[in-house]
Amino acid sequence: MAGTFKIELVSPERVLLSGEATEVIVPGLEGDFTVLAGHAPVISALRPGILDIQQGSSRRRIYVRGGFAEVDPTQLTILAQNLVDISAAQPGQIAEEVRVAEQMLATAPDDMGRMLANDALTALKSLDARAAA
């Protein structure tokens, strides 16, 4: 398929997604970036946030707690600490991630740790707000 690339989302527990995508917005440590077919090779650390995946006419949103993204012209691989598929989240799963992020914020040893915990809380609370609406 023209305009698509392979995407793999992997956590220690499982492979959440292995398929084709047309566009993915990735929460990089130094800012969000968009991956399209033919992207230049790059490796980036991830901050907690939402992966926004476009697969043809469907869109998928996945919370990622942190990890790494490896991009080349034909593939995006996400190696994540934790992944939560928003549309398939179990009851209480987002609330548990909020609890983990609050704990991370309370015990963060430095400014970077506090920033990452705050990013996680912001992303998760935006999900809660959308779910309540």
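The values are calculated or read from the model by the stated rules, or taken from the named source; none is laboratory data. Every value quoted in this text rests on a predicted model; they were computed, and no experiment measured them. So basically every Cβ, Gly included, is an ideal-geometry build from the backbone, and we count neighbours across all protein chains shown. Accessible surface is based on the protein model in full, side chains and every heavy atom, while ligands, DNA and RNA are left aside. Shrake-Rupley method; radii C 1.70, N 1.55, O 1.52, S 1.80 Å.
Consider the range 89-106 and keep the residues that are farther than 18 Å from Leu17 by Cα and among the hydrophobic types (A, V, I, L, M, F, W, C). The one that is surrounded by the fewest Cβ atoms within 10 Å (Cβ to Cβ) is Ala106. Taking the numbered list (1) open to solvent by 10 Å² or more (accessible area, probe 1.4 Å); (2) modelled with pLDDT under 95 in turn, Gly66 passes all entries but (1). For the range 79-99, residues that are among the β-branched types (Val, Ile, Thr) and in a strand (DSSP E or B) total 1.
Suppose the filter is touching a Leu at 6+ places or on another chain (Cβ under 9 Å) and open to solvent by less than 40 Å² (accessible area, probe 1.4 Å); does Ile86 pass it? For Ile86, the condition - touching a Leu at 6+ places or on another chain (Cβ under 9 Å) and open to solvent by less than 40 Å² (accessible area, probe 1.4 Å) - is not met. Evaluating Ala132 against the criteria (1) modelled with pLDDT under 90; (2) under 30 Å from Leu36 (Cα atoms) leaves one unmet condition, (2). Restricting to the range 15-54, name every residue that is under 23 Å from Leu127 (Cα atoms), open to solvent by 20 Å² or more (accessible area, probe 1.4 Å) and in a loop (DSSP other than H, G, I, E, B). Answer for the range 15-54, where residues must be under 23 Å from Leu127 (Cα atoms), open to solvent by 20 Å² or more (accessible area, probe 1.4 Å) and in a loop (DSSP other than H, G, I, E, B): Leu29, Glu30, Arg47.
Put simply, of Leu116, Leu76 the only residue that is assigned to a strand (DSSP E or B) and within 25 Å of Val35 (Cβ to Cβ) is Leu76. Take the residues in the range 30-52 that are within 13 Å of Ala80 (Cβ to Cβ) and among the hydrophobic types (A, V, I, L, M, F, W, C), then tell me which one is modelled with the lowest pLDDT. Applying the filter and picking the extreme gives Ile50.
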